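All remarks here apply to the structure that follows.
What follows is calculated from the coordinates using simple rules that are stated; it is not laboratory data. Nothing here was measured: the structure is a model prediction, and the numbers come from that model. Neighbour counts are summed over all protein chains in view; Cβ atoms, including those assigned to glycine, are modelled from backbone coordinates with ideal geometry.
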Amino acid sequence: MMLQSIMGSPLLGWLADALLAGGVGRFFLVCHERFLSEARQCFPGDCDLSCAKLEETADQLHVFLSTADEQEEDVIVVTGPAVIDPFAVDEDSFSGAPVESGVSAVSRQALMDALDDTFIFTDFLKDHGVPYTDRDGVYAVCSMQQLAEWQPLLSRGVLYNLAAAGVSIWDYSNTYVEPTVFVGAGTELLPGTVLRGTTSIADGCTIGPNSYLENVKVGEGTKVNASQVYDSEIGSDTTVGPFAYVRPGSRIGSHVRCGDFVEVKNSTIGDGTKISHLTYVGDSDVGKNINFGCGTVTVNYDRVHKSRTVIDDNAFIGCNTNLVAPVSVGDGAYTAAGSTITDDVPAGALGIARARQVNKPQWAKGKLEKFIAKQQAKEEAGSK
C-alpha cells in the first residue's frame, strides 16, 4: 500500500515530503528486499536515508539511533500506510516537543531501550507508531477506498502551495496538479486543468479550461486552451487550442498559433508560424513565419515507412494541401489550394498539383428541371 500511486506519486513519497516539510532530518526505512529499490526512489536524492531489510531491522536501527546527533532527541515512528495533512505541518512540526498538529515525537532513548526485547518493541510500535495511534493531522490508510478519500486533501495541499507562490487557481475542486509539476508566478489555472509528470509552466501563462499536459515544458505567456499536450516543448507567447492535440516529440516555438482541431506529432514548428485550424502536421520540420491553410495534411505514412516533410521559412501552404512525404517546400514558396504535392517545391516557386477546371455551359439546366419536377410531384401527392 505504501507504494500505491496517488496523484502520480507513491503514498510513501507523499509521507516523506510531509515529514521533510515538518523538519525531519534523517530517515530509517525498513522494507522487504523486493521493494527496497522502488521505496528508495520515494525520497529525494539528497535525503539522509538509511535502509534495512526486515530481518536486519533491530541491529541496523540501533546503529542508526546510536549515531544520531545529540540534538536529535525525538523520533517519529511510522508503522504503516498513512497520510499526513499537508496543512498540519511546518518546518518545526516534528522537532522538539509535541506541536499543534498533534504528531508528537517519541524519545530516541526510549526507542533504543525498546529494541532490547522483541515483544516490548512490538508493543512500543503499537503505542507510539503512526497509524496505530489517533493523532490530529495523521490518518491511517487501510484500503484503496480510504486512499481515494484522502486524495482531495493531498491535491488541495499542492494547489495551496502553488497559490502561495503566486499562481491563480480558479476552481480548487476541479484542478489537478501532481506534486512533481512546477508552475510559475502569475500563471492562471482554469477549471478542468490537469498537469502531470515533469510538466513545467513558466510565468504568466494561462492553462485551461479543460486542458491536459503531461511532461511538457511551456514558455512564458503561453496559452493552452481545451487541449492535450504530451512529452513536448512549447515556446513563449504561443497559443494552443482550443481542441488542439500535441503528441510526443514535438517542439513548438514562440509566437506560434496552433488553433482548433490541429494535431502536431513529432515535429518542430518554428517561431511565428500559424497553423490555425483543421490541420495535421506529423513528422515534419517546419520553419519560421509559415502560414498553413485550413485542411493541410502532411502525409507521412505509407503503411511501411514514416517519412518527414520539410518546410522552409516564410512558406505559404494553401488550404487543403496534401504534402506527401518525403517532400520539401523551399523558402518563401507557395502551394496552391487543393494541391497534392508529391515533388519538392523550390524556394520562391508556386507548386500546383490539381486538375484544370473545365466549365460545361448549360450542363446543370436539365438536372435542375428534373429536380423541380420531382419536388412538385411530392407536393401534389401530399396535398391529396
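Per-structure values
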{"read-out": "Estimated dipole of region 160-313 in Debye, rounded to 20 [Cβ of Lys and Arg +1, of Asp and Glu -1, Cα centre]", "value": "300"}
{"read-out": "Computed FRET value (nearest 0.05) for Glu149 with Gln362, which takes r as the C-beta separation and R₀ as 51 Å", "value": "0.10"}
{"read-out": "Relative packing of 177-187, 359-369, 259-269, 31-41, which averages over residues the other C-beta atoms within 10 Å, highest first", "value": "259-269, 177-187, 31-41, 359-369"}
{"read-out": "Under 11 Å, Cβ to Cβ, from Gly235 - net charge with Lys/Arg +1 and Asp/Glu -1", "value": "-2"}
{"read-out": "Global form of region 167-264, assessed from the alpha-carbon gyration tensor, a/c cut-off 1.5", "value": "rounded"}
{"read-out": "Inter-probe distance in nm under a simple model that places probes 7 Å from Cα toward Cβ, at Asp285 and Ala163", "value": "4.8"}
